[in-house]
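One structure is given here, and the rest of the page talks about it.
The values are calculated or read from the model by the stated rules, or taken from the named source; none is laboratory data. Small disclaimer: the values here were computed from a predicted structure and weren't measured. Virtual Cβ from ideal backbone geometry, glycine too; neighbours counted across all protein chains shown. Protein only, heavy atoms only, side chains kept; ligands, DNA and RNA dropped before computing areas. Shrake-Rupley method; radii C 1.70, N 1.55, O 1.52, S 1.80 Å.
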Amino acid sequence: MSQRIDGGGRSPTIGVLKLDTRFERFIGDIGNPGSLTCPVLMETVSGATADMVTGLTDERLLQPFVDTGQRLIDRGAHAITTTCGFLVLYQRQLAAALSVPVATSSLLQIPLAQALLPPGKRVGVITFDATRLGPHMLRAANAPADTPVAGLAADSPTYQDIIGRGRPTTSEEREAASLAAADELRARVDELGAVVVECTNLAPYSTAIADRLGMPVYDTITLVEWLATAVRPHVYEASRSLRRTSGSVTPRS
């Protein structure tokens, strides 16, 4: 029986464009290098604070992200992602400017998640700030403009910590804030069938959200794991043996 072969120089290196923040990033947050099993390179985009990026409506920060993405590629990144789902606003521009695949936001999974649901079911979004995640962001993700969205309470400790105005919060507090947003979404959307977690800082609690709602939950980690497998597909014992026998081993970059 053939089996998957791990390693062998095939692991992809993921480049992460980090916001300029100071709060703690727990395992499961793409900004924590321990959240992925493949190698990770990270660079902070100076001046790109959470407050500034979540309020983006124009391209004033585009060039700093392009420049930082290029540095990650020069260091060996095979694909690029970010630590803020609101950067979906720059998805097309970054993909056009950089020479490797770019996945800016977990929101890009909304169309796929919707395609997997039966008729009558909808995808909802849990976000950092529902007042800022408007139709322009959803359009950038090729998602319906009326996609239901629930966010953190602006006066919650978790929101204030992430925005850079409050005290440090614990993982337990962030999980509670995530579940409160999940409960709000379920209460408002009877036909809810799946959830996309926009905020990378809430991705560590996707399991808790899935358990609470009893439905699939997509986040930045599910997006990047899919991307990593695409840019460096798994090597299987049978296919490796076949390539060696035929003498047509695919070159590795």
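Have a look at A130, A150, A154 and point out the one that is part of a loop (DSSP other than H, G, I, E, B), surrounded by fewer than 23 Cβ atoms within 10 Å (Cβ to Cβ) and in contact with a strand residue (DSSP E or B) (Cβ under 8 Å, 6 or more places away or on another chain). Explain how you work it out, then say what you get.
Numbers: A150 fails: part of a loop (DSSP other than H, G, I, E, B); A154 fails: in contact with a strand residue (DSSP E or B) (Cβ under 8 Å, 6 or more places away or on another chain).
So the residue among A130, A150, A154 that is part of a loop (DSSP other than H, G, I, E, B), surrounded by fewer than 23 Cβ atoms within 10 Å (Cβ to Cβ) and in contact with a strand residue (DSSP E or B) (Cβ under 8 Å, 6 or more places away or on another chain) is A130.
Taking the residues in the stretch 58-96 that are in a helix (DSSP H, G or I) and of a type in the set (G, A, S) as candidates, determine which candidate is farthest from V224 (Cα to Cα).
Within the stretch 58-96, the subset in a helix (DSSP H, G or I) is 62-74, 85-96.
Narrowing further to those that are of a type in the set (G, A, S): 69, 85, 95-96.
Values: G69: 16, G85: 12, A95: 15, A96: 19 Å.
Among those that are in a helix (DSSP H, G or I) and of a type in the set (G, A, S), it is A96.
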Legend entry - Qualifying residue in the stretch 44-51 (condition: touching a Phe, Trp or Tyr at 6+ places or on another chain (Cβ under 8 Å), among the β-branched types (V, I, T) and either under 21 Å from L98 (Cα atoms) or open to solvent by less than 30 Å² (accessible area, probe 1.4 Å) (or both)): yes
Inset, instruction - Could you check G8 against (1) modelled with pLDDT of 95 or more; (2) on the phi > 0 side of the Ramachandran plot and say which number it fails? - result: (1)
Inset, instruction - Hey, can you tell me all the residues within the stretch 189-206 that are surrounded by 24 or more Cβ atoms within 10 Å (Cβ to Cβ) and either within 21 Å of G134 (Cα to Cα) or modelled with pLDDT under 95 (or both)? - result: V195, V196, V197, E198, C199, T200, N201, L202, A203
Inset, instruction - Select from the stretch 72-103 the residues that are free of Cβ contacts under 8 Å to residues at least 60 places away in the same chain and either aliphatic (A, V, I, L, M) or touching a Gly at 6+ places or on another chain (Cβ under 8 Å) (or both) and list them in ascending order. - result: L72, I73, V88, L89, L94, A95, A96, A97, L98, V102
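A quick yes/no check of all residues on (1) within 23 Å of R92 (Cα to Cα); (2) among the hydroxyl-bearing types (S, T, Y):
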| residue | (1), (2) |
| --- | --- |
| D129 | yes, no |
| R132 | yes, no |
| H136 | yes, no |
| A150 | no, no |
| A194 | no, no |
| L202 | no, no |
| S206 | no, yes |
| D219 | yes, no |
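Here's the yes/no breakdown for (1) assigned to a helix (DSSP H, G or I); (2) in contact (Cβ under 8 Å) with a residue 40 or more places away in the chain; (3) open to solvent by 10 Å² or more (accessible area, probe 1.4 Å):
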{"position": "V125", "(1), (2), (3)": "no, yes, no"}
{"position": "H136", "(1), (2), (3)": "yes, yes, yes"}
{"position": "N142", "(1), (2), (3)": "no, no, yes"}
{"position": "D161", "(1), (2), (3)": "yes, yes, yes"}
{"position": "E172", "(1), (2), (3)": "yes, no, yes"}
{"position": "A176", "(1), (2), (3)": "yes, no, yes"}
Legend entry - Residue within the stretch 66-75 that is of a type in the set (S, T, N, Q), within 29 Å of V235 (Cβ to Cβ), modelled with pLDDT of 95 or more and open to solvent by less than 30 Å² (accessible area, probe 1.4 Å) present: no
